[in-house]
């Protein structure tokens, strides 16, 4: 009887301690980590906007490379779900389901079956910054009676935080590599080219000699216009009639637009008629404009458009007054049928 009383007293004491600890323990948790990434928001979103994408930088993959894993539903959409099972206690068994997707934010429901049952709300938020993007990854939830007791003795932030940091470090590396290898995108506009009158010099020019050809003729045309009291009506331009890559040459004109429809001794008057056209505003050094032309070619093939003889590059920015080549504006026009 005495032993029973002692046992009962111990049980009551343990219950009292448990109740006290449950009051002391935190009732909820919200653990997160953030990282700054030198990549645009669009590229970062490609790496966080679906469960499949998030799996590529999951820090828990390293704990068990043989875990079983499955993905169900439409990629990146609400209702898609991934399930996993592992004998490693750091991974366990559970599922993650997308419950909401908004601009720059994805919310998921995280459900663990092993090593113990629990449910949390996880989230990834991508914000645009001046130098790239900021990503915040976290999860939150409510602690039940038993969990509050354990949380008195366990620092969940210290336990989970390092894994979040490892995952975000992998995400940062993946995104910055993708940004470094990404081809620029261009806003291609279908416009009505108004037509212009140019004074220029035509010739077949080797690619390697184009800079010299421009420099010599732009200077000569500008001088002759000044001596004739005629003014430029726009930026110096390159007019391309033929582009011969096998022989590394082009038939082209170095030309300056003018308002008056009359000849200039020593040069050719070039009338470019109004036409439908495609336009790209390209910013960057002249030697980097090839990607813009590739984008224009791809757009024309996609839309089934045909070139109407001419390609015009309008060199808006004077390199002599703007040393930063990333700010040089070249208007690229493809005249189309």
Verdict on residue 235 being under 30 Å from residue 139 (Cα atoms) and in contact (Cβ under 8 Å) with a residue 60 or more places away in the chain: no
Specify the residue that is farthest from the chain's Cα centre (by Cα); the eligible residues are those in segment 47-75 that are in a helix (DSSP H, G or I) and surrounded by fewer than 16 Cβ atoms within 10 Å (Cβ to Cβ). 63
By residue number, the members of segment 81-118 that are surrounded by 12 or more Cβ atoms within 10 Å (Cβ to Cβ), in a loop (DSSP other than H, G, I, E, B) and within 25 Å of the chain's Cα centre (by Cα) are 104
Being closer than 13 Å to residue 312 by Cβ and either exposed (fewer than 13 other Cβ atoms within 10 Å of the Cβ) or touching a strand residue (DSSP E or B) at 6+ places or on another chain (Cβ under 7 Å) (or both) narrows it down to one of 298, 259, 273, 290, so name that one. 273
Only one of these is outside any strand (DSSP E or B), buried (at least 17 other Cβ atoms within 10 Å of the Cβ) and either at pLDDT below 85 or touching a strand residue (DSSP E or B) at 6+ places or on another chain (Cβ under 7 Å) (or both): 125, 44, 35, 78. Name it. 44
Restricting to segment 206-223, and then to whatever is touching a strand residue (DSSP E or B) at 6+ places or on another chain (Cβ under 9 Å) and within 23 Å of residue 263 (Cβ to Cβ), can you tell me which residue is surrounded by the most Cβ atoms within 10 Å (Cβ to Cβ)? 221
Among (1) in contact with a strand residue (DSSP E or B) (Cβ under 7 Å, 6 or more places away or on another chain); (2) at pLDDT 90 or above; (3) surrounded by 12 or more Cβ atoms within 10 Å (Cβ to Cβ) - the single one residue 195 does not satisfy: (3)
Return only the number of the condition from (1) surrounded by 13 or more Cβ atoms within 10 Å (Cβ to Cβ); (2) over 24 Å from residue 87 (Cα atoms); (3) at pLDDT 90 or above that residue 166 does not satisfy. (2)
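Condition check ((1) touching a helix residue (DSSP H, G or I) at 6+ places or on another chain (Cβ under 7 Å); (2) in contact (Cβ under 8 Å) with a residue 12 or more places away in the chain; (3) within 20 Å of residue 184 (Cα to Cα)) across all residues:
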{"site": "293", "(1), (2), (3)": "no, yes, yes"}
{"site": "302", "(1), (2), (3)": "no, no, yes"}
{"site": "305", "(1), (2), (3)": "no, yes, no"}
{"site": "312", "(1), (2), (3)": "no, yes, no"}
{"site": "316", "(1), (2), (3)": "no, yes, no"}
{"site": "321", "(1), (2), (3)": "no, no, no"}
{"site": "324", "(1), (2), (3)": "no, no, yes"}
{"site": "333", "(1), (2), (3)": "no, yes, yes"}
{"site": "337", "(1), (2), (3)": "no, yes, no"}
Suppose the filter is over 17 Å from residue 193 (Cα atoms), free of Cβ contacts under 8 Å to residues at least 60 places away in the same chain, assigned by TED's automatic domain parsing to the domain that holds residue 200 and touching a helix residue (DSSP H, G or I) at 6+ places or on another chain (Cβ under 8 Å); does residue 246 pass it? no
Could you list, in sequence order, all residues of segment 128-161 that are at pLDDT 85 or above and within 10 Å of residue 33 (Cα to Cα)? 135, 136, 137, 138
Among the residues listed as 225, 310, 305, the single one being assigned to a helix (DSSP H, G or I) and in the same structural domain as residue 195 (by TED's automatic domain parsing): 225
Output the residue which, of all residues in segment 243-266 that are closer than 30 Å to residue 327 by Cβ and outside any strand (DSSP E or B), is farthest from the chain's Cα centre (by Cα). 259
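The values are calculated or read from the model by the stated rules, or taken from the named source; none is laboratory data. Every value quoted in this text rests on a predicted model; they were computed, and no experiment measured them. Virtual Cβ from ideal backbone geometry, glycine too; neighbours counted across all protein chains shown.
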